[in-house]
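Take a look at the structure below.
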Amino acid sequence: MRYAAPETVDEAVALLASAEGGAYPLAGGTDLVVQMSSGMRAPALVVDIKRIGDLGRIVSDASGIRIGAAVCGAEITGNAEIASKWPGFAEAMDYIGSMQIQSRATPAGNLCNASPAADCVPGMVAAGATVTVAGPGGRREIPVEEVPAGPGRTTLAPGEFVISVNLPPKPARTGDAYVRFTPRTEMDIAVVGVGVCLTLDEGGTCTAARVAVGAVAPTVLLVREAGAALVGTPVDDAAMDAAAEAVRAACRPIDDKRGSAAYRTRISGTIFKRAAGVALARARA
Amino acid sequence: MAKKLHVTTEINGAETEFLARPDQTLLSALRDELHLFGTKEGCGSGDCGACSVEVDGRVVCSCTMLAAEAEGRRITTIEGVAQGGELHPLQRHFLKEAALQCGFCTPGLIVAARNLLDRNPDPTEQEIRFWLAGNLCRCTGYDKIVRAVQAAAAELRETAPAD
Ligand SMILES: Cc1cc2nc3c(=O)[nH]c(=O)nc-3n(C[C@H](O)[C@H](O)[C@H](O)COP(=O)(O)OP(=O)(O)OC[C@H]3O[C@@H](n4cnc5c(N)ncnc54)[C@H](O)[C@@H]3O)c2cc1C
């Protein structure tokens, strides 16, 4: 295996694109290094992206907040602007691992590891986040939900990697939330995780809603039907029931030791309602 | 076999150079190349915290980091916690409160707790328990560990120079 720590995005792209065999970007390593040590992955090349200056920064302007792909969870949850504008995204990131893991783990690593149960991904999808991808063909910006292709697989082309996660400007009366359900309270993998973001008008009617569900399908799902069931309503019990039904209908889970497919499907509606309740309270606050 | 990499880093205040395989973890380099055996390997997968070290002011599991990444970083291991032969108050209070039995998790716990007290001299019990949730101890049941951290925090607050 070769290790490289380039200082520019272009060098990183050139390295990733020219490598024979598996070439992997390295952010926090909390998935990749563990997978290498256990023999699950044997990269030919690891490209550490943490020496690329711009990737270590959080930049906020009129177009939103851009979080460089090397910024770790502890820095994100400690950022006052992110915590106040996008608390759902921040809490989704914060669910990941312990303080030690937070010192390393990144949202883009969570996304590109492509676990169906990745916690930060529903938080990003609900918030309407995009990623900026750099590759041999230049840069492009794509919605977060277009990145995962299946367990452990992404839609990124060879040589491409994520350079930033971008949160949009936050509309008025908007709230986001992420709730996950696990058998243990800490250090466990989601049975179901739901991210919700909704916007209200001045009268309290929902004008936009995004619902993202993790751990119930090969990839995190953006459930458009659930969002649509909330739009135009005062987000009352009837609307919540209809949206929860849409969430359950979208689930295509597997049985595993944390829960059967039937159980996962059933509680996905419950967890959705909890997340939507928190998002609603935040939108009204 | 891949060529070894030459890594220059600061460990416990001293500039240190070592050779590491590109795929070698920092944990393995600390133990096998530098013979700093205080950092323990528990799970090797980031779950147990026995291999906790401080890197540029943040506590990480050294099993989730490549040795090559340490280039130019500042690292503190358990060997750097006692100063000039004097145990750190955390170390003294761990002994006094009997906050260990087999002792395997202790270095990681002390490194993690020291970082907490550097950031927050007066943590609540809940803050201590959350901060140390990534350090597993199979002997003590944690209560004595929490008490030792509280006692060390109190002592450090009393002896801290007034500003
Ligand atoms: C003890 C422990 C507990 C954990 N708990 C949770 C949990 O509760 N919830 C959860 O979701 N996850 C959890 N994880 C998994 C892991 O911490 C997260 O998925 C984390 O966000 C991965 O980020 P990273 O920066 O460490 O990724 P890395 O390990 O560096 O990379 C992960 C994958 O993404 C690729 N990659 C990294 N950065 C980029 C990029 N910028 N562009 C393209 N590809 C990239 C890598 O090549 C690799 O394939 C846990 C891990 C451990 C060890």
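The values are calculated or read from the model by the stated rules, or taken from the named source; none is laboratory data. Not measured: the values here are computed from a predicted model. Heads up, the Cβs are rebuilt from the backbone with ideal geometry, glycines too, and the neighbour counts pull from every protein chain shown. Remember, those area values only see protein heavy atoms, side chains included, never the ligands or the DNA or RNA. Shrake-Rupley method; radii C 1.70, N 1.55, O 1.52, S 1.80 Å.
Odds and ends about this structure:
- Residues of segment A:172-184 that turn out to be open to solvent by less than 70 Å² (accessible area, probe 1.4 Å) and either farther than 15 Å from A:Pro87 by Cβ or of a type in the set (A, V, I, L, M) (or both), as a count: 5
- Residue match in segment A:127-139 (condition: away from the ligand (no atom under 12 Å from the Cβ) and either out of contact with any helix residue (DSSP H, G or I) (no Cβ under 9 Å at 6 or more places or on another chain) or within 14 Å of chain B (Cβ to nearest Cβ) (or both)): yes
- Applying the set (1) within 18 Å of B:Ile128 (Cα to Cα); (2) facing chain A (nearest Cβ under 10 Å) to B:Pro89 leaves exactly one unmet item: (2).
- Inside segment B:27-50, residues that are within 9 Å of chain A (Cβ to nearest Cβ) and closer than 24 Å to B:Arg119 by Cα make up a count of 3.
- Cβ-Cβ under 7 Å pairs, at least 6 apart or on other chains, segment A:157-175 side at positive phi, far side surrounded by 13 or more Cβ atoms within 10 Å (Cβ to Cβ): A:Gly159/A:Val13; A:Gly159/A:Leu16; A:Gly159/A:Ala17; A:Gly159/A:Gly135; A:Gly159/A:Pro136; A:Arg173/A:Thr199; A:Arg173/A:Leu200; A:Arg173/A:Ala283
- Qualifying residue in segment A:155-165 (condition: touching a helix residue (DSSP H, G or I) at 6+ places or on another chain (Cβ under 7 Å) and surrounded by fewer than 18 Cβ atoms within 10 Å (Cβ to Cβ)): yes
- All of B:Leu36, B:Leu30 fail the test of being crowded, with 23+ Cβ neighbours inside 10 Å and more than 16 Å from the ligand (Cβ to nearest atom), apart from B:Leu30.
- Residue within segment A:60-76 that is open to solvent by 50 Å² or more (accessible area, probe 1.4 Å), within 14 Å of chain B (Cβ to nearest Cβ) and more than 10 Å from the ligand (Cβ to nearest atom) present: yes
- Residue within segment A:81-88 that is in a helix (DSSP H, G or I) and surrounded by 23 or more Cβ atoms within 10 Å (Cβ to Cβ) present: yes
- Unique residue being surrounded by fewer than 18 Cβ atoms within 10 Å (Cβ to Cβ) and not small (Gly, Ala, Ser) when the list is A:Arg210, A:Arg224: A:Arg224
- Residue within segment A:261-269 that is under 30 Å from B:Cys48 (Cα atoms), assigned to a strand (DSSP E or B) and either touching a Pro at 6+ places or on another chain (Cβ under 6 Å) or among the basic types (Lys, Arg) (or both) present: no
- Test: A:Ala92 is more than 6 Å from the ligand (Cβ to nearest atom) and either within 28 Å of A:Pro169 (Cβ to Cβ) or not aromatic (Phe, Trp, Tyr) (or both): yes
- Enumeration of residues in segment A:218-260 that are at pLDDT below 95, small (Gly, Ala, Ser) and assigned to a loop (DSSP other than H, G, I, E, B): A:Ser260
- Just one residue in the set A:Asp10, A:Asp54 is open to solvent by 30 Å² or more (accessible area, probe 1.4 Å) and at pLDDT below 95; that residue is A:Asp54.
- Unmet requirement for A:Ala105, which otherwise passes all of (1) in a helix (DSSP H, G or I); (2) within 11 Å of the ligand (Cβ to nearest atom): (1)
- Residues (open to solvent by 30 Å² or more (accessible area, probe 1.4 Å) and either away from the ligand (no atom under 16 Å from the Cβ) or closer than 18 Å to A:Asp255 by Cα (or both)) located in segment A:185-195: A:Ile189
- Residues that are open to solvent by 20 Å² or more (accessible area, probe 1.4 Å) and not hydroxyl-bearing (Ser, Thr, Tyr), drawn from segment A:118-136: A:Gly128, A:Pro136
- Hits in segment B:69-89 - residues which are open to solvent by less than 10 Å² (accessible area, probe 1.4 Å) and over 12 Å from the mean Cα position of the chain (by Cα): B:Glu69, B:Ala70
- A:Thr265 falls short on exactly one of the conditions (1) touching a Cys at 6+ places or on another chain (Cβ under 7 Å); (2) open to solvent by 60 Å² or more (accessible area, probe 1.4 Å), and that condition is (2).
- Of all residues in segment A:196-216, those being among the aliphatic types (A, V, I, L, M), more than 12 Å from the ligand (Cβ to nearest atom) and in a loop (DSSP other than H, G, I, E, B) number 1.
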